[in-house]
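I have placed the structure first, in the form of structure tokens, so that the comments after it can refer back to it.
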Amino acid sequence: MLEDIGNLFHGFAVVVQPYNLVLMVVGIVLGVIVGVLPGLGGANGIAILLPLTFSMSPTSAIIMLSCIYWGALFGGAITSILFNIPGEPWSVATTFDGYPMAQKGKAGEALTAAFTSSFVGALFAVIMITLVAPLVASFALSFGPPEIFSVYFLAFCSFVGLSKEPPFKTIASMMLGFGLGAVGLDQMTGQLRMTFGMESMLNGFDFLIAVIGLFGIGEILLTMEEGLSFRGKAAKLNMRVVLQTWAELPRYWMLSLRSCLIGCWMGISPAGATPASFMSYGIAKRISKRGRFFGTGEIEGVVAPETAAHAAGTSALLPMISLGVPGSPTAAVLLGGLLIWGLQPGPLLFTEQKDFVWGLIASMYMGNIVGLIIVLTCVPVFAAILRIPFSVIAPVILVFCAIGAYTVHNNTFDVVMMVVFGIAGYLMKKTNYPLAPMVLAIVLGDKAEESFRQSLLGSQGAFSVFWSSGLVSTIMTLGLIALFWPLIQSTWTRLRGSAGEPHPAE
């Protein structure tokens, strides 16, 4: 523990370098803009801006990208409260009470409560990562191919069984991702797969091209089709309003703690920030003495979802850092960035790249503090961005996407594939097929296949290798439980219902 504390202080020394501090501020500002603009989002913004970091050191690059993420988390609340338009999916629950507060002239109180709750939720999750990640990583160092595959298996099954999306659509999306991830050179045999004689496909589909297309282009096409017009209350946030709201917030410490725990649990599992915000809001409404007034402008209805969403969004980085398994689409994009920089996420990072890991964790602390200061002082500026017609913003974003795709390999074929992925992303969103399982499969599919085949080679083809020890058996069993959780839950509910029915009188 003392060594970890020393490493954390060393990480702070890396973060407070002037260059990294500038990148932190730039990342926060870009992230808030990304969060404010509907049609983008944390994963989309990071995917589009990832090529900007190729010339940086991995530590500086991850500081900037993680701060874009924190900024996007903060920015989603601005449009939810002022315009009743969720900038992020997890900000939907914030609109229920945040917008009514703004309509009553309490936009400043709602924004202060949202930003402060976001900061508290993220800080709680970062402290948990600081304490837990090294322990998980040191434990995972003993993993062999069967254990590694079982962790990937658990991640895939969790996305199928614990997601709010229909299981068959999730599986279909994931299978498409596995297929795309298999294109190119087979790492085990050196054979080419599904390249169709095209030299441009020898290295497979680049993860970054797929993500820019699926998230960036797909979202913009959908938003352009739907059309957006922004109308809302002007935001006036001064120090008196901030201090008055801060004086009131400690009354809700139990609500904040409960929301932090819900958010961390949902973040570590692949459920994510959106279900966490809704769950926290629903439980708060049920427990609160003023629950019947929720939806009319209660500050508790802002605190609960914002705290849970930020705790979930931050804690989703824990499995990525310690196990190399992303807990959210944004974490999956960050994972792809680490691979591009030549870093292998997982337990070895803590031994081979200590400066990087602890610099990242330190930037989480600093980024949230800087983010809170920036959003509290610059709300009117960020809200004014929405006065720019979306017909102007959309082409600018599309140009940035094209530039980002081209700079990956300086190849026009990548721009064409970005457009193809963008159309695919648009169609998947129109038909309600989730993108996150597909991204997860593209990122981890080849690694899962490699550990699966290594396990079978070591056991001479015996599938019993995945049940050969208590650890691997436990993880595989948890994966199967997660996969069939909806069926288990419905069966349990049915059995309880039939047990509780009164027997007919004889």
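The values are calculated or read from the model by the stated rules, or taken from the named source; none is laboratory data. Since this is a predicted model, take the numbers as computed values, not measurements. FYI the Cβ positions are ideal-geometry reconstructions off the backbone, even for glycines, and counts take in every protein chain you see.
Looking across segment 293-350, the residues that are assigned to a loop (DSSP other than H, G, I, E, B), small (Gly, Ala, Ser) and within 22 Å of residue 126 (Cβ to Cβ) come down to 316, 324, 327, 328, 346. Would you call residue 177 at pLDDT 80 or above and not basic (Lys, Arg)? Here the answer is yes, as residue 177 does meet what is asked. A Cβ distance below 8 Å, combined with a sequence gap of six or more or placement on separate chains, defines the contacts here; from segment 45-61, residues that are touching a residue at least 40 places away in the same chain (Cβ under 8 Å) reach residues that are of a type in the set (A, V, I, L, M, F, W, C) and part of a loop (DSSP other than H, G, I, E, B) in the pairs 48/40; 58/341; 58/343; 61/54; 61/341. Residues in segment 273-298 that are crowded, with 24+ Cβ neighbours inside 10 Å and among the hydrophobic types (A, V, I, L, M, F, W, C): 3 in all.
Residues checked against (1) over 20 Å from the mean Cα position of the chain (by Cα); (2) modelled with pLDDT of 80 or more; (3) surrounded by 15 or more Cβ atoms within 10 Å (Cβ to Cβ); (4) of a type in the set (S, T, N, Q):
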| position | (1), (2), (3), (4) |
| --- | --- |
| 320 | no, no, yes, no |
| 338 | no, no, yes, no |
| 351 | yes, no, no, yes |
| 368 | no, yes, yes, yes |
| 371 | no, yes, yes, no |
| 406 | yes, no, yes, no |
| 409 | yes, no, no, no |
| 412 | yes, yes, no, yes |
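Does residue 48 satisfy the condition of being in a helix (DSSP H, G or I), β-branched (Val, Ile, Thr) and at pLDDT 75 or above? The answer is no for residue 48. Taken over segment 456-475, the criterion of being closer than 18 Å to residue 156 by Cβ and either of a type in the set (Asp, Glu) or within 30 Å of the chain's Cα centre (by Cα) (or both) is satisfied by 466, 472, 473, 474, 475.
Within segment 211-227, identify whether any single residue is part of a loop (DSSP other than H, G, I, E, B) and modelled with pLDDT under 75, and answer yes or no. Checked segment 211-227: at least one residue is part of a loop (DSSP other than H, G, I, E, B) and modelled with pLDDT under 75. The number of residues in segment 452-469 being buried (at least 16 other Cβ atoms within 10 Å of the Cβ) and closer than 18 Å to residue 188 by Cα comes to 5. So, residue 443, is that one β-branched (Val, Ile, Thr) and in contact with a Gly (Cβ under 7 Å, 6 or more places away or on another chain) or not? The answer is yes for residue 443. Residues considered: 91, 118. Of these, the only one that is part of a helix (DSSP H, G or I) and modelled with pLDDT of 75 or more is 118.
The selection criterion, being closer than 20 Å to residue 316 by Cα, in contact with a Pro (Cβ under 7 Å, 6 or more places away or on another chain) and modelled with pLDDT under 85, holds for residue 280. Criterion first (part of a helix (DSSP H, G or I) and over 28 Å from the mean Cα position of the chain (by Cα)) does residue 478 satisfy it? For residue 478, the condition - part of a helix (DSSP H, G or I) and over 28 Å from the mean Cα position of the chain (by Cα) - is not met.
Report yes if some residue within segment 428-436 is over 30 Å from the mean Cα position of the chain (by Cα) and either under 19 Å from residue 324 (Cβ atoms) or surrounded by fewer than 16 Cβ atoms within 10 Å (Cβ to Cβ) (or both); otherwise report no. Checking segment 428-436: not a single residue is over 30 Å from the mean Cα position of the chain (by Cα) and either under 19 Å from residue 324 (Cβ atoms) or surrounded by fewer than 16 Cβ atoms within 10 Å (Cβ to Cβ) (or both).
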